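The structure appears below as structure tokens.
The values are calculated or read from the model by the stated rules, or taken from the named source; none is laboratory data. Everything quoted here is computed from the prediction, not taken from an experiment. As a convention, Cβ positions derive from the backbone with ideal geometry for all residues, glycine included, and neighbour counts pool all protein chains shown. Just so you know, the surface numbers come from the protein's heavy atoms only, side chains and all, with ligands and any DNA or RNA stripped out. Shrake-Rupley method; radii C 1.70, N 1.55, O 1.52, S 1.80 Å.
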Amino acid sequence: MASKSQKRDAFCPLEPVHKRLEDLHYQWHAAEAAYFDPDGFRMAIQTAIQTSRTVSFILQSNKAVIPDFDGWYERWQEKFRADALMRWMVDARNRIEKRGDLEAHSFVRADIVASFLNEGPSAQVPSELFDAPLKLVKSIPDNALGKHIKKDGIIRIQRRWIENTLPDYELLDAVAIAYGNLSLMLDDAHRQIGLPVPEARDVKTGEIYDKISMKGRMPCMIGHSDLRTLDVWLADGRPVEFERVIKKVSIQDLEKSSGRYDLDPSEIFGAPGTVNSPETILRSLFATARVMFDKDGYHSTIMFFFKGTKLIEFTELRLDEHGQKYLLMRNLAHDVVRRGADTVILLGEIWRSVFDPSDPYRRSVDAPDREEGLTGTLVSKSGEPLQIFARIRRDGAKCWLEPNEEHASGAQFMFAPFYEAWGREIPIAWMDQEKALRRGDGGEVA
């Protein structure tokens, strides 16, 4: 693991503070590596908590280089005093140094995932009991909901370390959040001195990342619990594996393919020389998708990540089973945070049908009145969702698309994890419609 998380000038007056913050990053990973070794984890996480406190001490010892340090630092102290987690970090460090070890306990948490919303049943028990999964499986009802869960549902089993006085946080997460707050304070110290804020770079890839969107944390501190999670199909007990069916697509691939379809690469994301919006980019991408469908007779599922109207990356998604989408969208929501994306567009083929209250969990692909279509869906951190749909018609070997339909502000359950990642409340209409599906008393889904 690289030691430096930021690119700095040859001489930075706050170098001692940077080094101590890098020590904290290193110790965080030491605790992560020892997660299944109780003694090793205890020592590593407590060392990290103690180090986090010394970051502030070293900053204070270098106050001579920061103009109006007392007034500037008091503002940060007030902010941290108002933060329950940061107050806990101070108290925890004092307890470790004066009274002994924290009272940390290992738990097994089990969740049933059968929706894009986090409404499934869950249980948490001490790790030595390990009966949470069995309890959840036994709790599945013998009705339409139960059949849906058993067919497409997944049970997520995860080990978690919790401290008695901080029950709402997993310990690694708590320290990662504290790291982020300290990192943002250090950046602000640079601004107070009149220095540029050092570039934030991923220690693994070397890529610049958006520290603000991650609240000061590093990319490795986002979604870290997924590495300690076992996902199992309820239908047959097989582990769920979807990483290997996600294919990254490069800009170079796009430029190569544009020749095949007689497309101008400069116009795929909107007309050059004009001021584009996420909505105009969606319409432009969908027009491109129509051209590609007309040529090939199909269209892959591709997700585009944007920051404003600037493309960050795009990814082809390949899934074998419906239930994989529930985990994949949660996983991609971590990427939204890591990449600082505030707009996402998804292109691909879908089935849609009218909701049947007599069969509330029937998927559109199984409906007799199903319609096949090409679709493009836009969701964003602040704006309303927009979807474009073009029905696919087939006659033997021939296929074609009908004119576009546009639907604004519809319920896009699939993107619920993205809304949560953005800190945005899921629209009430989505929640109500999902609950209607669960009750079987009406609604329409695509």
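Worth pointing out:
- Toward the positive end of the charge dipole of the chain, with +1 on the Cβ of Lys and Arg and -1 on the Cβ of Asp and Glu, the farthest Cα among Trp72, Ile49, His407 is that of Ile49.
- Residues in the stretch 347-386 reached by a label modelled at Glu402 [backbone nitrogen below 19 Å; 7 Å Cα→Cβ]: 348-356, 364-377
- Magnitude of the charge dipole for the chain, about its Cα centre and with charges confined to Cβ atoms of Lys, Arg (+1) and Asp, Glu (-1), is about 740 debye.
- Dividing the summed -39500 (n - 2.57) terms of all DSSP H runs of n ≥ 4 by the residue count of the chain sets its mean residue ellipticity at 222 nm at -12500 deg cm²/dmol.
- Helix 38-61 vs. the chain, principal-axis angle (Cα, 0 to 90°, nearest 10): 70
- Cβ-derived FRET efficiency at R0 45 Å, Ala287 paired with Ser139, nearest 0.05: 0.40
- Computed Rg/Rh of the chain, alpha carbon atoms with Kirkwood Rh: 1.01
- Placing R0 at 45 angstrom, the Cβ-Cβ distance between Lys63 and Lys98 gives a FRET efficiency of 0.95 after rounding to 0.05.
- The trypsin sites (Lys or Arg not before Pro) of the stretch 59-163 that DSSP puts in a loop, and whose beta carbon has at most 10 other beta carbons within 10 Å, are Arg99.
- Lysine pair count for the stretch 80-207 [Cα-Cα under 22 Å; pairs on different chains or 8 or more apart]: 6
- Residue-level accessible surface for Arg201, protein heavy atoms, 1.4 Å, Å²: 70
- Full-stretch length increase - Asn118, Arg87 - with 0.36 nm per residue and alpha-carbon distance subtracted: 8.3 nm
- Residue-normalised accessible area of the stretch 1-127, given per residue in Å² at a 1.4 Å probe: 51
- Helix 15-33 and the longest principal axis of the C-alpha atoms of the chain enclose an angle of approximately 60°.
- On full extension, the segment bounded by Asp359 and Asp236 gains 41.9 nm, given 0.36 nm per residue less the C-alpha separation.
- Label-point separation, Ala271 to Asp366 (7 Å along Cα→Cβ), nm: 4.7
- Annotation: aspartates and glutamates with alpha-carbon distance below 12 angstrom to Lys325 (same-chain offsets under eight excluded): Asp152, Glu241, Glu243.
- Across the stretch 339-359, the residues whose backbone nitrogen lies under 20 Å from the label position 7 Å along the beta-carbon direction of Asp294 are 347-350.
- log₁₀ of I(q)/I(0) at q = 0.12, 0.14, 0.15, 0.20 Å⁻¹ - the stretch 1-105, Debye sum with one point per alpha carbon: -0.50, -0.66, -0.75, -1.15
- Set of aspartates and glutamates near Lys19 by C-alpha distance (under 19 Å), chain-local residues within fewer than 8 positions excluded: Asp9, Asp187, Asp188, Glu199, Asp202
- Extension gain from His105 to Glu321, taking 0.36 nm per residue of separation minus the Cα-Cα distance: 74.2 nm
- If you plug the beta carbon distance of Asp188 and Lys151 into 1/(1 + (r/R0)^6) with R0 = 56 Å, you get a FRET efficiency near 0.65.
- Across Ile112, Ile208, Ile155, mean-square fluctuation computed from a Gaussian network of the chain (C-alpha pairs under 10 Å connected) peaks at Ile208.
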